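Shown next, in structure tokens, is the structure this report addresses.
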Ligand code: KMH
Ligand code: ZN
């Protein structure tokens, strides 16, 4: 039996940047998203992280698009649904928070909260301190626990400030996003520093970009953490071979997690491990 807790695998299925030109396997419609999500669940994922797209494939944080995707997913399986509040570069706060208008049976299980501004390739992912507080307030008002997205170490320091202000509670759940152009690189030393820096008792996930995605599943598994894989961050299963869907990346992550001695968390176990209530 593994001494470590079961590993939560999250499938970041869509994102805002990947296009159908880059991969024909990107899910866009609610039905496509739900079908791939159900396969991700079967392959070992406990949660999906979703963005939404309009019919033409362009990114959108429209409440109704998220409602349709969440309903379609929940019709097919019990996977947890984490919504993005990052959206796409350049979106304003009200647009970014579109999915936070979903209540009752359509309420998501979790929402992301990025706690600082960062270079994002040649763009800037803008998260001023007032904006971070506004989004944190809306997540809290919906009764959700945020996944704190850290693209750099200072974003953990900002989480400490948010906790002091009563906008988030500890222990928290962090996602270390490594390897975005212009931000913290996907290096094992970076992961080791970040996990040593989070408040006691917190849980963490690592999302590494591109070719680093799958190797970092192994590093996270060995260190007792959790992993995020999926087309938002990486479209290749191996060099030059496109993943035929998010489920293929989840299946490979599951294989690596098990090889490192980890069991996989069910959605119910993930709910407890991430303290989603
Ligand atoms: N698309 C990025 C600019 C999140 O989902 O919360 C932001 C992002 C973070 O993907
Ligand atoms: Zn995202």
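Any read-out appearing in this document is the output of simple, stated calculations on the displayed coordinates, not a laboratory observation. The structure displayed is predicted, hence computed values, not measured ones. Cβ sites come from the backbone with ideal geometry, for glycine too, and all protein chains shown count toward neighbours.
Quick one: go through region 237-263 and flag any residue whose amide nitrogen is under 18 Å from the point 7 Å out along the Cα-to-Cβ line of residue 3.
Answer for this model: 258-263.
Cα-based Rg of region 134-277 per 2.2 N^0.38 Å, rounded to two decimals?
So the Cα radius of gyration is 1.06 times the expected 2.2 N^0.38 Å.
Taking the Cβ of each residue in 168, 73, 28 as the centre, tally the other Cβ atoms inside 10 Å and list the residues starting with the fewest.
28, 168, 73
For region 9-273, give the share of DSSP beta bridges that are antiparallel, in percent and rounded to the nearest 5; count only bridges with both residues there.
Taking every DSSP beta bridge within region 9-273, about 20 percent pair in antiparallel fashion.
So how much slack lies between residue 42 and residue 153, counting 0.36 nm per residue of separation and subtracting their Cα-Cα distance, in nm?
Extending this stretch completely gives an extra 36.6 nm.
Given Cα pairs under 8 Å that are at least 6 residues apart, what percent is the relative contact order of region 28-134?
Contact order relative to length: 24 percent.
Do you know the relative contact order of the chain, to the nearest whole percent, from alpha carbon pairs under 8 angstrom that are 6+ apart?
Over the chain, the number comes to 24 percent.
Quick one: Debye curve from the alpha-carbon atoms of region 9-273 only, equal weights, vacuum; give me log10 I(q)/I(0) at q = 0.08, 0.09, 0.15 Å⁻¹ to two decimals.
-0.27, -0.34, -1.07
Listing 173, 49 from the residue with the fewest other Cβ atoms within 10 Å to the one with the most, what is the order?
173, 49
Over region 23-87, what is the relative contact order in percent, taking alpha-carbon pairs closer than 8 angstrom and at least six residues apart?
43
Counting other C-beta atoms within 10 Å, which of 249, 102 has the fewest, and how do the rest follow?
Final ranking by Cβ density, sparse to dense: 102, 249.
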